[in-house]
Each structure stands twice: as C-alpha cells, then as structure tokens.
1. Contact list please: Cβ distance under 8 Å, first residue in region 157-171 and without any contact (Cβ under 8 Å) to a residue 40 or more places away in the chain, second residue polar (S, T, N, Q), pairs at least six apart or on different chains.
2. What are the pairs, 6+ residues apart or on separate chains, where a residue within region 289-300 that is free of Cβ contacts under 8 Å to residues at least 60 places away in the same chain and closer than 17 Å to ASN129 by Cα has its Cβ under 9 Å from a residue that is hydrophobic (A, V, I, L, M, F, W, C) and near the ligand (Cβ under 10 Å from one of its atoms)?
3. Report every pair of residues separated by at least 6 positions or lying on different chains whose Cβ atoms are under 6 Å apart, first residue within region 301-324 and within 19 Å of ILE114 (Cβ to Cβ), second among the aliphatic types (A, V, I, L, M) and more than 8 Å from the ligand (Cβ to nearest atom).
4. Just one of (1) part of a helix (DSSP H, G or I); (2) under 22 Å from SER134 (Cβ atoms); (3) away from the ligand (no atom under 16 Å from the Cβ) trips up ARG249, so point out which.
5. Examine region 180-190 for a residue that is over 25 Å from ARG267 (Cβ atoms) and in a helix (DSSP H, G or I), and state whether such a residue exists.
6. For ILE340, which of the numbered conditions (1) open to solvent by less than 60 Å² (accessible area, probe 1.4 Å); (2) part of a loop (DSSP other than H, G, I, E, B); (3) within 16 Å of the ligand (Cβ to nearest atom) fails to hold?
7. Select from region 18-76 the residues that are within 16 Å of the ligand (Cβ to nearest atom), of a type in the set (S, T, N, Q) and over 21 Å from ASN129 (Cβ atoms) and list them in ascending order.
8. Taking GLU291 as the residue in question, decide whether it is open to solvent by 10 Å² or more (accessible area, probe 1.4 Å) and away from the ligand (no atom under 14 Å from the Cβ).
Amino acid sequence: MSKYPPIYYSDYLQLDTLLGAQKPKSDEYGHKAHEEMLFIIVHQAYELWFKQILHEIDSINGMFRDEVVDEKSIGIAVSRLKRVTEIQKLLIEQLRVLETMTPLDFLEFRDFLIPASGFQSFQFRLIENKLGLSEEKRIQYNNIDYLNTLEASHRELIIQTIKERSLFELVEKWLERTPFLNSQSFNFWQSYKEAVERMLDQDTKIIMENATLTEKKREFQLKNINLNRENFEALFDEQKHNELVKEGRRQLSNRSMLAAIFINLYRDEPILHLPFMLLSYLVEIDERFTEWRYRHALMVHRMIGAKIGTGGSSGHQYLMATVDKHRVFTDLFNLSTYLIPRSELPKLPEELIKELSFHYTKQ
Ligand code: HEM
C-alpha cells in the first residue's frame, strides 16, 4: 500500500478541464466547421509544449545565474537543452497535421478568430525573450509593438523577461569567466593569432602559385582572403570587435567569443566536452526555431496566400522576415569562420592539458 492517497488517472491529469477546453467558435455561431477542432487542438498542443520548454529554460537560466556554475549543472543543462531540441522537432512535424486542413476549410471559420493570432502567444514571446531575442532586433509590423497586442497580465510577464538576464547573456558571462585562456606560460590569444596568420599566408601562397588561375580569378580569391583577414583582425582587436557589436554585426563580447572558439578548437580535451555540447545545443535550438519559423511561414503562405494575417500583419511576408532576423545565437554559428585545421592548432602546454583532463585519465 502506498502511503499516499490513491488518485484517479483522469483527476491527476485534470482531463475534465483539459478536454473541456475546446470550444469551436463555429459551433457557437451556428456555422459548424469540422476543421476548427483540429485548429484548436493543434494550437493547444503547441502551447502545452511551449510550457514544457519554458520549464526547461527557466531551470537552465536559474543554474547559470550562479556566479560559479558547477560541472554537474552543465551536465544537467545539456540534457535539458537536448530535451528542448527534441520537443522542437515535434513542433516542426506537427505542422503537417494542421496542413491536412485545406485553405478552403480554413476560410469556413477564419473570420470568427479576428483579431486573435499566434502573434499573441505570450508563451512564444516568453521563450524568445528568455532565450535572448533582444527588443532592438525585433521586426515591427505596421508599427505595432508586440506588447500592445497582449492583455495586461501577459504584458507584465513579458516585461519581466525583458528586465531579466536571458540565456544568451548568462552564457556570455559564463564564457567570459572561462579560465585557461591566459595562464602564465601560455597566452592562447597570441598563439592562435600566429596560427591563423600562418594559415592565411599559406592560403595566399597557394593562390599565388596556382598557375591555372586567370588574373581575374586570382584577384577575386585574394580579395576573399583579405576579407577573412579583416574578420580575424576584428576578433583580435577588442575595440574593433566592440564597434561591430555596436553596429549589431556581432552580439557576443570579445572575451566570450574567444572562449567559445577555444572550446570549439580544443573540444577533444575531456573538461571541454560538456561546454562544447552546451554550445552545440544552443546552436541547434536556434536552428530548430529558425526551421519552425520558415515552415510556419510556408504553411501560412499556402493557407492564406498574400492575405494579411488575422493579427493584421502582412502575413507571409512578415513571417519570412523574422526567419533570419529573429535568430539569437548567430555568433555561435559564425564561430566556424574562425576555426583552423587541427594540424595548425597551437600546442597546449603540458600543465594546461593536465588541467583540462579528468584526474584519473592521467594516472
Ligand atoms: C492555419 C494555420 C495558421 C495560420 C494561417 C497562421 C497565420 C499566422 C500569421 C498570418 C501570423 C502573423 C501575425 C498575424 O498577422 O496574424 C502568425 C503568427 C504566429 N503564429 Fe501562426 N498561423 C497558423 C498556425 C499556427 C500554429 C499551429 C501555431 C502554433 C502555436 C502558430 C503560432 C504563431 C506564432 C507564435 C506567431 C508569431 C510569430 C512571430 O511574430 O514571429 N501559428 N500566424
């Protein structure tokens, strides 16, 4: 016998409330539209999953708020981030179910919804803000501030997230605190810079010695190498980097970028496995949301063509613009620009390799 009172399945899950929450407007207005039930259930399923995603992000942000994030927390955060990506895959797939409804079916009840829209999904906005989509980056449509489309209690919740530090900012600070970059015998910054210069010089040499290239093609390739050089210089020069941040072309601080590069380059060292996975999952979360936005925009195009949305936006056009503009971790994607082949990696000093290993590995 359990020491807890028995509970009935339906009561535990509050199925009366959950299953009593589908109230098609077309029934209410006496114009029964069969597909409205699907429309409601798909949206509700999304909102439930959004709740779960928020549950995970809140817990991760909580761990990263500590001044020192211990290794155990990183492991837990990684597994929760992975969970978020698995949910996102479901969210993308779910659109296919809704797409069994035809545009004509949708027209049967679309007018009953105006001006409600996914644009007012406060949980979706909470996810965006908690991940780190900044207010400056948001696309405005018809000069409408998304906050003004929400009712007061939801607006309050969102305003709170604008004040809090987002996952992006918390990870940035965590990266900035990464030790190892400057030990007494090893200055990663300097060694890496020299390795990059060697790599770019080698690339230039290959282009110069390539007899099959026309002058025009050679010039074009050398120009690209120079662009690469400028990109790298901005990374090595904090002031230049800060200017790019000001212009909105970079988001992460210089020191955190460097730490992220270090983690990516030396991810084979045992202590860096988890930090590397953490950064990879952040990239994946961003990628999956971008994928969802794109799929949703395509579905909307198919469903309403060039009509404006029920929320009053330019519909498909607005949604397509968010696909690229509402990404959060673009700098982590851009890290690949700065990776150099393993053979060119600065060799780490013995004492640092020891620090980056688990104790028992070295005995
Ligand atoms: C027939 C299906 C759907 C249509 C035609 C549709 C249409 C639209 C349109 C036109 C917008 C832009 C705002 C507006 O003017 O209303 C929008 C935004 C949005 N929709 Fe949908 N939608 C559909 C299904 C869904 C589903 C299943 C979800 C899942 C929760 C969803 C979530 C959202 C979200 C979160 C936004 C805000 C996106 C942003 O501002 O970045 N939509 N939708």
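1. Pairs found: ILE158/ASN129; THR161/ASN129; ILE162/ASN129.
2. Hits for this filter: THR290/VAL323; ARG293/LEU319; ARG293/VAL323.
3. THR310/LEU113; THR310/ILE114; HIS316/ALA297; LEU319/ALA297
4. Against the list (1) part of a helix (DSSP H, G or I); (2) under 22 Å from SER134 (Cβ atoms); (3) away from the ligand (no atom under 16 Å from the Cβ), ARG249 comes up short only on (1).
5. Taking region 180-190 and keeping what is over 25 Å from ARG267 (Cβ atoms), we get none.
Scanning region 180-190, I find no residue that is over 25 Å from ARG267 (Cβ atoms) and in a helix (DSSP H, G or I), so the answer is no.
6. (3)
7. GLN22, SER26, GLN44 - these are the residues of region 18-76 that are within 16 Å of the ligand (Cβ to nearest atom), of a type in the set (S, T, N, Q) and over 21 Å from ASN129 (Cβ atoms).
8. Judged against the criteria, GLU291 is not a match.
The values are calculated or read from the model by the stated rules, or taken from the named source; none is laboratory data. Computed from a predicted model, the values in this text were never measured in an experiment. Using ideal geometry, Cβ is built from the backbone for each residue, glycine included, and neighbour counts are taken over all protein chains shown. Just so you know, the surface numbers come from the protein's heavy atoms only, side chains and all, with ligands and any DNA or RNA stripped out. Shrake-Rupley method; radii C 1.70, N 1.55, O 1.52, S 1.80 Å.
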